[in-house]
Amino acid sequence: MKKQVSRLLVLLLWIGIWWIAAGIVHLPLLLPGPLETGEAWIRLAQTGDFWRSAGTTLLRVATGYGCAVLAGVLLAVLCHAVGAANAFLSPLRSVIRATPVSSFIILVLLWLSRQAVPAFISFLMVLPIVWMGLQEALDSLDAGLLEMTKMYRFSRWKRLRYFYYPSVRPALLAACVTGLGFAWKSGIAAEVIALPQFSIGGKLYDAKIYLESADLFAWTLTVIALSMALEAALKRALRKGGEKKK
Amino acid sequence: MIRLSHVTAGYPGKRVLSDLNLELPDRGAVALMAPSGFGKTTLLRLLAGLLGPESGSIAGLAGKRTAFMFQEDRLLPWLTAEKNVEIVCDDPEKARYWLEQMEILDGGQYPDALSGGMQRRVALARCMAFGGDMLLLDEPFKGLDADLRKRIAERIKEKAPLMILAVHDAEEAALMGAQIIRLDEQMTGP
């Protein structure tokens, strides 16, 4: 409770700083204040288009993110278990990590329909984070404990449940949470460039074109709120069946 | 009878056992003694099948169900003491029994909340709960005081057809009524 009150106070403090800054600038086109932004958000939220755009973006990001987590886990396990696969695939991982997201967006626009680009970009940005995070955890497993599970004849399921999963869980959780932030940022950046139908990125682009700064802020706040809500839900889900539970 | 003939073994870049010839009985208790670094643990690992000999042969191990109490406790830190034992036997009552025998009265504690001696006893309880034809115990009484050693030795004695212990002093071997084998006297090589 004390923590929540403290968080609320910090939030109010930052809103106050924003309000003062907007008052000093005194030009809503450059820096709309919290009131203008709130009004813009309420106006937007009363339209069906707002919810449809937010929902579609959420679906795209979640699709790319979910596929990336799944593929990242599979690739990490494969590369940990098979040295040849690791030697073959690790340069691909390095290339994906090092390539600027805008290069990928433009390239993928040539390959896929504009509707599919944001999900694919989210997928590409999250994949190496999960893959690398989990593979590093697998590569540094406690060899003594693993030997113990073999000596005491743990079944595969028991070994997975009581040794592998708890060993890699902190790294997997960290990679999933970090990846979620990247999924949002890259997915919306892809929407701004690809301009698919019904998208937050498209609305951000429109706000920029028509110099509607308050709308730009309102959409950005929507993205932040959605991202934080998803991150909290993910953390809660991953914390379930926590490290130390009978 | 377990027979080791001209066994040489070790780890990459380090030979530990050299031309070892040894006969171990199928029943009873045997205590391996030798100064540190003479390969007591390496021999237990060979008997457990966790290490293969570089040369020579080992006969008489086929079909034996073996439990190994490692030199380190190797407890799963995310499981309670009771669950660490239960997991190898799938029998909560058996797990509780062996923890009681080891004088661990609160099995609900996690390893990091236990003292070194208590962790050792949980590892021993796990080994006993798993059971088998051959128990390999690497310094089972490490970190236990003299009275506790005596009580625990009394409880685990003769609880498996064959127990092979790596110990540092003859007193521990005597507590288990074990036949002492001086490992350093069995090797003809360097």
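The values are calculated or read from the model by the stated rules, or taken from the named source; none is laboratory data. Keep in mind the model is a prediction, meaning the values are calculated, not measured. As a convention, Cβ positions derive from the backbone with ideal geometry for all residues, glycine included, and neighbour counts pool all protein chains shown. Heavy atoms of the whole protein, side chains included, go into the accessibility calculation; ligands, DNA and RNA do not. Shrake-Rupley method; radii C 1.70, N 1.55, O 1.52, S 1.80 Å.
The C-beta contact set for region A:162-173 (first residue more than 18 Å from B:Leu75 (Cα to Cα), second residue charged (D, E, K, R), distance under 9 angstrom, 6+ apart or interchain) comprises A:Pro170/A:Glu243; A:Ala171/A:Glu136; A:Leu173/A:Lys235; A:Leu173/A:Arg239.
In region B:58-69, the residue that is nearest to B:Asp133 (Cα to Cα) out of those that are more than 9 Å from every other protein chain (Cβ to nearest Cβ) and in a loop (DSSP other than H, G, I, E, B) is B:Lys64.
On the given criteria, is A:Leu141 in contact (Cβ under 8 Å) with a residue 12 or more places away in the chain, outside any helix (DSSP H, G or I), farther than 22 Å from A:Ala237 by Cα and within 14 Å of chain B (Cβ to nearest Cβ)?
yes
Looking at A:Leu204, A:Leu172, just one residue is open to solvent by less than 40 Å² (accessible area, probe 1.4 Å), of a type in the set (A, V, I, L, M, F, W, C), assigned to a helix (DSSP H, G or I) and in contact with a Phe, Trp or Tyr (Cβ under 6 Å, 6 or more places away or on another chain), and that residue is A:Leu204. The residues listed here are A:Ile209, A:Ile224, A:Ile200; of these, the one that is hydrophobic (A, V, I, L, M, F, W, C) and either closer than 30 Å to A:Tyr162 by Cβ or touching a residue at least 24 places away in the same chain (Cβ under 8 Å) (or both) is A:Ile200. Is it the case that A:Gly133 is away from chain B (no Cβ under 14 Å) and in contact with a Ser or Thr (Cβ under 8 Å, 6 or more places away or on another chain)? So A:Gly133 fits the description; yes. Does A:Met125 count as surrounded by 18 or more Cβ atoms within 10 Å (Cβ to Cβ) and touching a strand residue (DSSP E or B) at 6+ places or on another chain (Cβ under 9 Å)? Here the answer is no, as A:Met125 does not meet what is asked.
For the criterion of being surrounded by fewer than 21 Cβ atoms within 10 Å (Cβ to Cβ) and either away from every other protein chain (no Cβ under 13 Å) or over 24 Å from A:Tyr164 (Cβ atoms) (or both), B:Glu72 fails.
So which residues in region A:141-160 are surrounded by 14 or more Cβ atoms within 10 Å (Cβ to Cβ) and within 28 Å of the chain's Cα centre (by Cα), if there are any at all? Matches in region A:141-160: A:Leu141 only. Among the residues of region A:65-85, the ones that are more than 22 Å from A:Pro170 (Cα to Cα) and open to solvent by less than 50 Å² (accessible area, probe 1.4 Å) come to 1 in all. Considering region B:37-49, the residues that are open to solvent by 10 Å² or more (accessible area, probe 1.4 Å) and in contact (Cβ under 8 Å) with a residue 40 or more places away in the chain include one that is farthest from A:Arg153 (Cα to Cα), namely B:Phe38. Residue pairs whose Cβ atoms lie under 7 Å apart, separated by 6 or more positions or on different chains, with the first residue in region A:12-30 and in contact (Cβ under 8 Å) with a residue 24 or more places away in the chain and the second loosely packed, with under 11 Cβ neighbours inside 10 Å and not in a helix (DSSP H, G or I), are A:Leu29/A:Leu211.
Of all the numbered requirements in (1) assigned to a strand (DSSP E or B); (2) under 24 Å from B:Gly177 (Cα atoms), B:Ser36 misses one, and that requirement is (1). If you check A:Ser113, A:Ser53, A:Ser90, A:Ser103 for being open to solvent by 50 Å² or more (accessible area, probe 1.4 Å) and more than 15 Å from A:Ser186 (Cβ to Cβ), only one passes: A:Ser113. Would you mention how many residues in region B:81-106 are at negative phi, within 11 Å of another protein chain (Cβ to nearest Cβ) and open to solvent by 60 Å² or more (accessible area, probe 1.4 Å)? Adding up the residues that qualify gives 0.
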